[in-house]
Amino acid sequence: MPKIDVNEKLFFSLLGKTYTYDELETNLTCGKAELDEKPDTSLPEAERTIKIELNDTNRPDLWSTAGIARQLRQHANLPSPNGKDANYSSFFSTKEKTRDCGNRIVTVDPQLKDIRPFMTAFVISGKPIDEPMLLDIIQTQEKLCWNYGRKRRSISMGIYRSASITWPIRYAAVNPDTTSFVPLASTESMTCRQILAEHPKGKEYGWILADKSKYPLLIDAKDEVLSMAPIINSATLGAVQVGDTDLLVEMTGTDMPTLTLATSIVACDFADAGYSILPVKIEHPYDTGFGTTITTPFYFQKPSQASLSEVNRILGSQLTSDEVTNALERMGSSVTVSGGTIEIRPPEYRNDFLHEVDVIEDVMIGMTLDYFTPSKPHDFTIGRLLPQTLYNRKVKNLMVGMGYQEMIFNYLGSGKDYIEKMNLSGTSLGKAVIEISNPMTENFQFVRPSILPSLLSAESVSGNAVYPHRIFETGKGVSRCETENTGTRTHDYLGFLTAANNANFNDLASEVSTLLYYLEHEYTVVESDDPRFILGRQASVLREGVSVGIFGEIHPAVLENWDIDIPCVAAEFDLQLLL
Amino acid sequence: MSFLESVKDKLCSLGFEEFDGPLVETEFWNSDALFMPQFHAARDIHDVYSLKEPTLAKSIEEPFLSNVAAAHETGGNTGSRGWNYSFDKEFTKRLILRSQGTVLSAHQLATAKVPGKYFGIARCFRYDKVDATHLSDFYQTEGIVLGDEVNLKTLLGFLEMFAVEIAGATDVKYVPGYFPFTEPSIEVHIKHPVLGWFELGGSGIFRPEVTRAMGIDVPVLAWGIGIDRMALMALGLNDLRELFSNDIEGVRLRKAKY
């Protein structure tokens with residue numbers, strides 16, 4: 001979940017009110033946000049940073065100072081900042097009405113269709129950009145493009161000095177080897193392909209363009225390069241500094257609704273901070289889903305509905321339509337009511353109403369959770385434990401009765417532990433161990449097939465404990481099984497081990513027969529030839545011809561692999577088969 | 001272990017039926033059936049463990065596969081807009097180690113009774129660096145409640161019940177939360193007489209995209225509580241790794257504080 005750094009002064013000025021940190025913590029809950037770190041109060045307000053963690057991955061509008069301030073402000077019914085009416089529609093275009101773009105036009109190269117097809121843009125104007133706002137926009141760029149834009153693949157953003165740009169702009173597909181420019185943080189001109197190979201941003205994001213024959217480039221009417229999307233700005237038009245007025249904000253990507261929403265979010269953030277937003281027209285040679293020619297910021301969201309009765313059913317309440325309307329308005333939407341149906345027009349910066357329940361949750365947050373008191377459930381249902389759980393408990397009690405100590409082990413381990421040290425390399429048992437394709441380290445690369453290696457690993461580090469050691473676990477193991485749908489079967493095992501100078505097969509056999517006596521099973525015992533045990537000192541337990549377990553003296557090669565120099569006997573039973 | 005068993009007994013006494021399932025799952029049941037879009041950031045290679053061999057399950061049961069695919073693409077019959085993307089029917093069969101106990105709830109929806117209450121304590125796996133607060137595999141306690149009386153208020157009622165009966169809380173705080181598969185969602189924080197305030201768990205009402213695709217028409221409450229953390233505190237330990245210790249002497253000498 002994204003974490004953002006919020007400049008305290010900027011935040012409270014956008015909010016329109018100053019809170020104590022405790023008040024802030026409580027109020028952040030309306031945006032599903034938490035105070036991650038309080039600022040250093042020894043610093044002056046203008047330098048303090050509040051760290052906030054945002055938990056809703058469907059609300060990218062909250063991932064900026066202006067965005068989270070906006071939510072808190074609306075929820076607290078505070079007036080909009082800068083004394084202006086929070087009416088973004090003056091600079092938003094819709095399907096019905098297109099705003100004036102002046103000379104701010106972008107044409108898109110048809111070859112970009114299979115490379116990086118879509119673009120949106122707008123210009124901010126009216127006052128110079130200050131440091132907190134510039135840092136915030138850079139942070140928003142990072143959060144939106146990384147988290148919402150799938151690491152810049154579906155959205156990437158660039159900011160430029162608009163005053164230096166000669167309109168119209170071209171968004172073109174260029175030859176990566178014959179086109180060059182000076183990228184940001186560099187003094188030399190490099191070809192596009194060189195930038196991917198040598199520039200830090202090229203190395204970080206080059207994978208997005210790796211298999212393309214041409215690369216996207218943003219160029220103005222004088223052939224000055226703005227940037228190579230999504231990699232890096234140019235050092236000339238693309239170097240924005242504190243004090244610059246008139247900035248162009250553009251976004252390119254592969255998913256138009258995501259791109260358009262991100263554009264709207266940033267535009268609203270700047271509007272809240274007191275800037276004017278000037279629309280830009282982008283002429284695509286193919287349909288974007290919102291038409292070929294589009295003027296952004298663009299409002300594309302569809303209205304949502306909820307029925308008052310369903311709202312009250314899910315929330316367990318008796319709210320009136322007025323109360324529901326107020327609650328939804330506190331969350332930013334505009335509402336009209338007709339009969340028992342609430343119609344919601346999402347705000348410009350949100351597109352997360354997929355289902356009626358999304359509206360209902362907004363009502364809940366708008367009312368605040370305190371409004372809803374817990375009520376005791378009435379439905380009568382009978383509680384039951386699984387037969388396997390009850391059986392396993394019986395087994396555990398018997399083991400404890402025989403003097404064994406319960407252990408709990410991890411289910412992930414290394415190939416070394418589960419296969420090699422167990423003398424199972426190359427055997428069919430060894431091959432049946434489940435391997436993970438993307439392990440974190442080789443210590444957690446395999447899923448344990450049996451409890452025996454876990455028991456041996458405990459024994460191998462426990463030389464300091466007084467002997468004898470008698471340990472057991474009831475737990476799961478997984479192995480390959482061709483007849484299952486997943487090609488694997490999860491087993492419930494009982495595994496136990498005795499480590500003692502006089503550990504021997506006969507004593508173990510009597511423990512096994514004691515266990516099976518109390519579990520009341522008909523069974524037969526036959527000699528086995530499992531490589532983990534000593535030949536001639538091991539046996540399988542069969543029930544109706546099927547093997548349900550094995551026990552014996554651990555093979556000296558195995559003991560040596562584990563650095564254990566005391567004799568061990570061990571047993572393992574499949575509790576599902578025994579049940 | 002006896003701590004876990006006592007939690008099971010407590011839930012049983014509150015009318016919950018236990019469920020369980022295999023450690024190896026499919027993307028379908030672990031995430032797709034829970035309406036997490038296949039392009040969601042949490043489903044990248046760096047969150048869930050996948051199997052080297054075999055890589056895919058043989059099949060996914062119908063009508064669930066079609067219902068869930070439709071829910072993702074257009075909303076299907078669930079009343080939703082859906083996520084508007086092309087649902088990958090091969091990717092959904094990918095074999096993984098289950099990453100959340102909610103996968104068991106998803107399975108249970110297919111055969112649940114109404115009214116019904118179910119729970120499970122499940123070992124789950126996440127791609128996380130192992131340290132004092134993170135394990136390679138860990139326990140999650142999860143469950144669902146189905147019935148006409150399920151709504152936000154009874155959800156809060158259940159959370160209060162768990163807080164008091166299972167965790168011994170003296171005070172409870174609710175906060176709006178976010179999970180991809182529930183809406184509304186609530187996080188519950190509790191105050192323990194000795195341990196102070198901590199987050200006990202999360203819950204919500206399953207999105208209809210989840211329940212309708214499984215053929216359930218009543219509201220379903222889904223809840224999860226953090227057992228490992230509570231066990232640590234009950235045993236007076238600080239490091240999660242100590243719960244799964246190899247040291248026989250250490251385990252021998254451990255005794256529960258509460």
Checklist entry - Among the residues of segment A:339-356, how many are out of contact with any strand residue (DSSP E or B) (no Cβ under 8 Å at 6 or more places or on another chain) and within 14 Å of chain B (Cβ to nearest Cβ)? => result 4
Next on the checklist: Quick check on my filter: what residues within segment A:404-423 are within 12 Å of another protein chain (Cβ to nearest Cβ), in contact with a Ser or Thr (Cβ under 9 Å, 6 or more places away or on another chain) and either closer than 18 Å to A:HIS469 by Cα or outside any helix (DSSP H, G or I) (or both)?
Outcome noted: A:TYR404, A:GLU406, A:MET407, A:ILE408, A:PHE409, A:ASN410, A:TYR411, A:LEU412, A:GLY413, A:SER414
Checklist entry - Are any residues in segment B:178-199 surrounded by fewer than 18 Cβ atoms within 10 Å (Cβ to Cβ), touching a strand residue (DSSP E or B) at 6+ places or on another chain (Cβ under 9 Å) and more than 13 Å from chain A (Cβ to nearest Cβ), and if so, which ones? => result B:LYS191, B:PHE198
Next on the checklist: For segment A:436-458, check the following and say yes or no: at least one residue is over 34 Å from the mean Cα position of the chain (by Cα) and more than 27 Å from B:ILE121 (Cα to Cα).
Outcome noted: no
Checklist outcome for this item: Considering segment B:110-133, residues that are within 22 Å of B:GLU18 (Cα to Cα) and among the small types (Gly, Ala, Ser), and then whichever is nearest to the other protein chains (Cβ to nearest Cβ), we arrive at B:GLY116
Checklist entry - Is segment B:134-144 home to any residue that is farther than 23 Å from A:LEU369 by Cα, within 11 Å of another protein chain (Cβ to nearest Cβ), buried (at least 19 other Cβ atoms within 10 Å of the Cβ) and touching a Phe, Trp or Tyr at 6+ places or on another chain (Cβ under 6 Å)? => result yes
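Regarding A:GLY487, is this residue within 14 Å of chain B (Cβ to nearest Cβ) and either touching a His at 6+ places or on another chain (Cβ under 6 Å) or within 18 Å of A:VAL433 (Cα to Cα) (or both)?
Criteria met by A:GLY487.
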Checklist entry - Of all residues in segment A:480-537, how many are assigned to a strand (DSSP E or B) and of a type in the set (Val, Ile, Thr)? => result 7
Checklist outcome for this item: Reported set for segment A:455-468 where residues are in contact with a strand residue (DSSP E or B) (Cβ under 7 Å, 6 or more places away or on another chain), facing another protein chain (nearest Cβ under 8 Å) and in contact (Cβ under 8 Å) with a residue 40 or more places away in the chain is A:ALA458, A:GLU459
Checklist entry - Tell me, which strands (runs of 3 or more DSSP E) lie completely within segment A:1-116 with 2 or more residues that are surrounded by fewer than 20 Cβ atoms within 10 Å (Cβ to Cβ) and without any contact (Cβ under 8 Å) to a residue 40 or more places away in the chain? => result A:33-37
Checklist entry - Is segment A:357-370 home to any residue that is more than 28 Å from B:THR78 (Cβ to Cβ), part of a helix (DSSP H, G or I) and either of a type in the set (Ser, Thr, Tyr) or out of contact with any strand residue (DSSP E or B) (no Cβ under 6 Å at 6 or more places or on another chain) (or both)? => result yes
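Collect the residues in segment B:110-144 that are among the hydrophobic types (A, V, I, L, M, F, W, C) and more than 13 Å from the chain's Cα centre (by Cα), keeping them in residue-number order. Can you show your working first?
Step one: filter segment B:110-144 for residues among the hydrophobic types (A, V, I, L, M, F, W, C), giving B:110, B:112, B:114, B:119, B:121-122, B:124-125, B:130, B:132, B:135, B:138, B:144.
Within segment B:110-144, B:ALA110, B:ALA112, B:VAL114, B:VAL130, B:ALA132, B:LEU135 qualify.
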Next on the checklist: Based on this model, can you work out whether A:GLY552 counts as touching a Ser or Thr at 6+ places or on another chain (Cβ under 9 Å) and at pLDDT 95 or above?
Outcome noted: yes
Next on the checklist: Looking at segment A:281-300 only, could you name the residues that are farther than 29 Å from A:SER13 by Cα and in contact (Cβ under 8 Å) with a residue 40 or more places away in the chain?
Outcome noted: A:LYS281, A:ILE282, A:GLU283, A:HIS284, A:PRO285, A:TYR286, A:THR288, A:PHE290, A:GLY291, A:ILE294, A:THR295, A:PHE300
Checklist entry - Which of the residues that make up segment A:334-348 are in a loop (DSSP other than H, G, I, E, B) and over 24 Å from B:GLU209 (Cβ atoms)? => result A:GLY339, A:GLU348
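From the residues in segment A:9-40 that are of a type in the set (A, V, I, L, M, F, W, C) and farther than 20 Å from A:MET367 by Cα, which one is nearest to the other protein chains (Cβ to nearest Cβ)? Spell out the reasoning first.
Keep residues of segment A:9-40 that are of a type in the set (A, V, I, L, M, F, W, C), which gives A:10-12, A:14-15, A:24, A:28, A:30, A:33, A:35.
Adding the requirement that they be farther than 20 Å from A:MET367 by Cα leaves A:10-12, A:14, A:35.
Numbers: A:LEU10: 25, A:PHE11: 20, A:PHE12: 22, A:LEU14: 22, A:LEU35: 12 Å.
Taking the candidates together, the pick is A:LEU35.
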Item to check | Among (1) surrounded by fewer than 24 Cβ atoms within 10 Å (Cβ to Cβ); (2) in a strand (DSSP E or B); (3) out of contact with any Pro (no Cβ under 9 Å at 6 or more places or on another chain), the one test that A:PRO279 misses | outcome: (3)
Item to check | Of all residues making up segment B:11-39, the number that are charged (D, E, K, R), more than 7 Å from chain A (Cβ to nearest Cβ) and more than 16 Å from B:TYR49 (Cβ to Cβ) | outcome: 1
Next on the checklist: Could you check segment B:112-156 and list, in sequence order, the residues that are touching a helix residue (DSSP H, G or I) at 6+ places or on another chain (Cβ under 7 Å) and either without any contact (Cβ under 8 Å) to a residue 60 or more places away in the chain or among the basic types (Lys, Arg) (or both)?
Outcome noted: B:SER136, B:LEU152
Checklist entry - Does A:THR381 qualify as being within 11 Å of chain B (Cβ to nearest Cβ) and either out of contact with any Asp or Glu (no Cβ under 8 Å at 6 or more places or on another chain) or not in a loop (DSSP other than H, G, I, E, B) (or both)? => result no
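On the basis of being over 14 Å from A:ILE124 (Cα atoms), of a type in the set (A, V, I, L, M, F, W, C), crowded, with 20+ Cβ neighbours inside 10 Å and touching an Asp or Glu at 6+ places or on another chain (Cβ under 7 Å), does A:LEU226 make the cut? Write out each step before concluding.
Values: over 14 Å from A:ILE124 (Cα atoms): yes; of a type in the set (A, V, I, L, M, F, W, C): yes; crowded, with 20+ Cβ neighbours inside 10 Å: yes; touching an Asp or Glu at 6+ places or on another chain (Cβ under 7 Å): yes.
Taking the combined requirement at face value, the residue satisfies it.
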Next on the checklist: Can you confirm whether A:ILE169 is modelled with pLDDT of 90 or more, closer than 30 Å to A:PHE91 by Cβ, in contact with a Phe, Trp or Tyr (Cβ under 6 Å, 6 or more places away or on another chain) and surrounded by 19 or more Cβ atoms within 10 Å (Cβ to Cβ)?
Outcome noted: no
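If you go through segment A:424-444, how many residues are in a helix (DSSP H, G or I) and either away from chain B (no Cβ under 14 Å) or out of contact with any Ser or Thr (no Cβ under 7 Å at 6 or more places or on another chain) (or both)? If you could, list the steps in order and put the result at the bottom.
Looking only at segment A:424-444, we keep the residues that are in a helix (DSSP H, G or I), and these are A:428-431, A:442-444.
Restricting the remaining residues to those that are either away from chain B (no Cβ under 14 Å) or out of contact with any Ser or Thr (no Cβ under 7 Å at 6 or more places or on another chain) (or both) gives A:428-431.
Of the residues in segment A:424-444, 4 are in a helix (DSSP H, G or I) and either away from chain B (no Cβ under 14 Å) or out of contact with any Ser or Thr (no Cβ under 7 Å at 6 or more places or on another chain) (or both).
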Checklist entry - Which residue out of B:GLY215, B:GLY202, B:GLY226 is within 19 Å of the chain's Cα centre (by Cα), modelled with pLDDT under 95, surrounded by fewer than 24 Cβ atoms within 10 Å (Cβ to Cβ) and under 30 Å from B:LEU65 (Cα atoms)? => result B:GLY202
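The values are calculated or read from the model by the stated rules, or taken from the named source; none is laboratory data. Please read all numbers here as calculations on a predicted model, not as lab measurements. FYI the Cβ positions are ideal-geometry reconstructions off the backbone, even for glycines, and counts take in every protein chain you see.
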